[in-house]
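Asker: Would you mind keeping the following structure in view while I ask a few things?
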Amino acid sequence: MNSTQLFIIIAFVFGFRLDISGCVSSIKFTNLECVPLDKPFADFHHCKLKALSRDKVALSLRVNLFQVPVNNVSLNLQFYKKFNGFRPFLFNITTDFCQFLRHKKRVLFLDIIFKFLEEASNINHTCPYGHDIIVDRLILAPKHFAQMPLPSGVYRLKIVVGAYNDWKAIVVLNHGYSLRQDLECYF
């Protein structure tokens, strides 16, 4: 076997492992902070985490919209990893959320996040939004992270929501993520 064939085999075994859902030992929310920036436009009715068991934490939030319908929504997503404080990690994306809902595959990372968010929320349709935004008992599961092979650690997702070219709210979400350390996860 020559060196090219050996390189291809090693790259296939180590580099193309996309399904890591069986290797995740724990994943859960650790902290949630919701800050309204424009209270006459929208306010948080509740924004909380509830411990269901040692390894399960459910996220629930409700945003009351006072000026409906909302036709123009912008999102800024920032992802951080804790390295002696939270440091920027992987991406900082600003996108038109209404346009994203029409063409979900254009922003891949937001599509991955939105797949598990829409299971527990009422934002599973395109704009306009003429009702309150509700996320009820969202629980992170390993299947949600099968397409995102992340190293173990504590992460922060900061979501800044805007409407009509003005930022309206900030949601900061911390979550912990750890992988099993046995050999079957790597082969």
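Asker: Against the conditions (1) modelled with pLDDT of 90 or more; (2) surrounded by fewer than 15 Cβ atoms within 10 Å (Cβ to Cβ); (3) hydrophobic (A, V, I, L, M, F, W, C); (4) within 20 Å of LEU140 (Cα to Cα), where does PHE109 fall short? Just the number, please.
Answerer: (1)
Asker: Now for a separate question. Quick one: count up the residues across the range 11-43 that are surrounded by 14 or more Cβ atoms within 10 Å (Cβ to Cβ), at pLDDT 50 or above and not in a strand (DSSP E or B).
Answerer: 4
Asker: Here is a follow-up. Taking the conditions exactly as written (over 11 Å from the mean Cα position of the chain (by Cα), at pLDDT below 90, closer than 20 Å to HIS45 by Cβ and surrounded by fewer than 17 Cβ atoms within 10 Å (Cβ to Cβ)), does GLY153 satisfy them or not?
Answerer: Considered against the rule, which asks whether it is over 11 Å from the mean Cα position of the chain (by Cα), at pLDDT below 90, closer than 20 Å to HIS45 by Cβ and surrounded by fewer than 17 Cβ atoms within 10 Å (Cβ to Cβ), GLY153 comes out as no.
Asker: Write out, first by first residue and then by second, each pair whose Cβ atoms fall under 9 Å of each other, whose residues are 6+ apart or on separate chains, and whose first residue, in the range 153-181, is closer than 12 Å to PHE79 by Cα while the second is outside any strand (DSSP E or B) and modelled with pLDDT of 90 or more.
Answerer: Listed pairs, sorted by first residue: VAL160/LEU37.
Asker: What are the residues in the range 104-151 that are within 25 Å of ALA51 (Cα to Cα) and assigned to a helix (DSSP H, G or I), if any?
Answerer: ILE112, ILE113, PHE114, LYS115, PHE116, LEU117, PRO142, LYS143, HIS144, PHE145
Asker: Follow-up. Consider ALA169 against the criteria (1) loosely packed, with under 14 Cβ neighbours inside 10 Å; (2) at pLDDT 90 or above: it satisfies all of them except one. Which criterion is unmet?
Answerer: Failing condition for ALA169: (1).
Asker: In the range 106-133, what residues are over 16 Å from PHE91 (Cβ atoms) and of a type in the set (D, E, K, R)?
Answerer: Result: LYS115, GLU118, GLU119, ASP132.
Asker: Against the conditions (1) closer than 15 Å to LYS168 by Cα; (2) touching a Phe, Trp or Tyr at 6+ places or on another chain (Cβ under 7 Å), where does GLU33 fall short? Just the number, please.
Answerer: Among (1) closer than 15 Å to LYS168 by Cα; (2) touching a Phe, Trp or Tyr at 6+ places or on another chain (Cβ under 7 Å), GLU33 violates only (2).
Asker: For the range 51-63, which positions are assigned to a strand (DSSP E or B) and either surrounded by 12 or more Cβ atoms within 10 Å (Cβ to Cβ) or touching a helix residue (DSSP H, G or I) at 6+ places or on another chain (Cβ under 6 Å) (or both)?
Answerer: Within the range 51-63, VAL57, ALA58, LEU59, SER60, LEU61, ARG62, VAL63 meet the criteria.
Asker: Let me ask you something else. Whether any residue in the range 113-123 is crowded, with 17+ Cβ neighbours inside 10 Å, aliphatic (A, V, I, L, M), farther than 28 Å from LYS39 by Cα and in contact with a strand residue (DSSP E or B) (Cβ under 9 Å, 6 or more places away or on another chain) is what I want to check.
Answerer: no
The values are calculated or read from the model by the stated rules, or taken from the named source; none is laboratory data. Just so we're clear, the structure is a prediction, and the values are computed from it rather than from any experiment. FYI the Cβ positions are ideal-geometry reconstructions off the backbone, even for glycines, and counts take in every protein chain you see.
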